[in-house]
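Engineer: Quick one: structure below, then a few questions.
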Amino acid sequence: MGFKTRPRRSTEGEAIMRLLIVEDEIHLAEALTQILRKNHYSVDAVHDGQSGLDNALSGIYDLLLLDIMLPGMDGISILKSIRAEGIATPVILLTAKGEVDDKIAGLDHGADDYVAKPFNTGELLARIRAALRRKGEVVPDDSLKYGDIELHPSSLKLSCQGKELKLILKESELLELLMTRKSAATSKEQIIEKLWGFDSEVEHNNVEVYISFLRKKLAFLQSAVKINTIRGVGYVLEANV
Ligand code: CA
């Protein structure tokens, strides 16, 4: 059984991303559905392998959240079948403890990511955003350049003149946002909306914390790029070259 929603548009007119949850723990599937709808995704949920496969094969989804142990057909078999049909929809596996081998098999068979149950909602939403972003990228090397730095969002690596370090996901997302906006200032509200979602209760000082982390990492790399604070407006990058 499943429940459907009609495609909607966000208040800003962007197309709503459509997600399919395949999860036989009904309470978990329903909780996930609510969380994702609250975060402006259109969500369908099904609770067995065959329905999961049938729905996924429709090719209408932007992303699949796929449990591994399912009645009827397991998640890895669903993944193999849809990839064999040439469906490239990003897949995030929902893995339980003790499913390490399945997780590895899943990644080998073209899953994009996995999240271990029980998971943190913020973490799952971040993984979903990252997978959806990767989907939109056509070139395999997704690096962004600004001044003397280069960011690789898919591997979370930041490099500067031969030196390299790894960022945590939020730092990478924040820097990517600032790099994409170039010389336009980005407000704390825009950052919160992009990194945590519209309805999040994240406070402004969370943004300040990640900005300070990023500044330290840029300094560590001895980059000439600075994150300037424009009082009352937000943040903007400066290349200083
Ligand atoms: Ca299960």
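The values are calculated or read from the model by the stated rules, or taken from the named source; none is laboratory data. Keep in mind that what you see is a predicted model, and the values were worked out from it rather than measured. Every residue, glycine as well, gets a Cβ built from its backbone with ideal geometry; the counts of neighbours run over all protein chains shown.
Engineer: Quick check: is even one residue across the stretch 12-31 modelled with pLDDT of 95 or more, buried (at least 21 other Cβ atoms within 10 Å of the Cβ), within 18 Å of R133 (Cα to Cα) and within 16 Å of the ligand (Cβ to nearest atom)?
Structural biologist: So far as the stretch 12-31 goes, yes, one or more of its residues are modelled with pLDDT of 95 or more, buried (at least 21 other Cβ atoms within 10 Å of the Cβ), within 18 Å of R133 (Cα to Cα) and within 16 Å of the ligand (Cβ to nearest atom).
Engineer: Let me ask you something else. What number goes with the only condition from (1) more than 12 Å from the ligand (Cβ to nearest atom); (2) in contact with a Leu (Cβ under 7 Å, 6 or more places away or on another chain) that L93 does not pass?
Structural biologist: (1)
Engineer: Could you tell me whether the stretch 175-193 includes any residue that is in a loop (DSSP other than H, G, I, E, B) and touching a residue at least 60 places away in the same chain (Cβ under 8 Å)?
Structural biologist: There is no residue in the stretch 175-193 that is in a loop (DSSP other than H, G, I, E, B) and touching a residue at least 60 places away in the same chain (Cβ under 8 Å).
Engineer: Is there any pair linking a residue in the stretch 67-92 that is at positive phi to one that is part of a helix (DSSP H, G or I), with Cβ under 7 Å and at least six apart or on different chains, and which?
Structural biologist: Correct list of pairs: G72/G49; G72/Q50.
Engineer: Kindly indicate which of D54, D112 is crowded, with 17+ Cβ neighbours inside 10 Å, away from the ligand (no atom under 16 Å from the Cβ), without any contact (Cβ under 8 Å) to a residue 40 or more places away in the chain and not hydrophobic (A, V, I, L, M, F, W, C).
Structural biologist: D112
Engineer: Kindly list the number of the only condition in (1) within 16 Å of the ligand (Cβ to nearest atom); (2) touching a helix residue (DSSP H, G or I) at 6+ places or on another chain (Cβ under 8 Å); (3) under 19 Å from E30 (Cα atoms) that fails for A105.
Structural biologist: (3)
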